[in-house]
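The values are calculated or read from the model by the stated rules, or taken from the named source; none is laboratory data. Bear in mind the structure is a predicted one, so any value in this text is a computation, not a measurement. Note: ideal-geometry Cβ built from the backbone for every residue, glycine included; neighbour counts use all protein chains shown. Remember, those area values only see protein heavy atoms, side chains included, never the ligands or the DNA or RNA. Shrake-Rupley method; radii C 1.70, N 1.55, O 1.52, S 1.80 Å.
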Amino acid sequence: GDLGPFNPGLPVEVPVWLAINLKQRQKCRLIPPEWMDVGKLEEIRDQERKEDTFTPMPSPYYMELTKLLLNYASDNIPRADEIRTLVKDTWDTRMAKLRLSADSFVRQQEAHAKV
């Protein structure tokens, strides 16, 4: 598709691949998504720990986006290390739920499982 022209200093939404490419060439500064905030991620992590089932994530690609943005633009993301830890904690909690659910499913020989 057509992208641009870009005006210096004005934020614009572009595909992630283009943003990372421009960042690597030092042509832009990346602005993280709204959900990539320590406070919001703490709420998501805490909610995930409280619930027995999976809670909705802020993006279906939250893990991929977090990895890409933190690998290529961590200097543009405030408190990047804390964000990395919170997303990993949330992921680990979700994987633990999945393992417990699968284990329970197999032990009880159920016909369906709730995730």
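Evaluate the relative contact order of the chain (contact order divided by residue number), counting alpha-carbon pairs under 8 angstrom at least 6 apart; express in whole percent. Averaging sequence separation for qualifying contacts and normalising by length gives 28 percent for the chain. Counting lysine pairs in the chain that sit 8 or more residues apart in sequence, or on different chains, and whose Cα atoms lie under 20 Å apart gives 10. Rolling a 1.4 Å probe over the protein heavy atoms of the chain, with every protein chain left in place, gives an accessible area that is 52 percent carbon and sulfur. When the Cα positions of 69, 31, 54 are compared along the charge dipole of the chain, 69 comes out farthest toward the positive end, with charges on each C-beta of Lys, Arg, Asp and Glu. Average accessible surface for the chain: 75 Å² per residue, computed with a 1.4 Å probe over protein heavy atoms with every protein chain in place.
In a reduced charge model with +1 at each Lys and Arg Cβ and -1 at each Asp and Glu Cβ, segment 32-108 shows a dipole moment near 320 debye about its Cα centre. With helices as the sole contributors, the chain gives -18000 deg cm²/dmol at 222 nm; each DSSP H run of n ≥ 4 counts as -39500 (n - 2.57), and the sum is divided by every residue.
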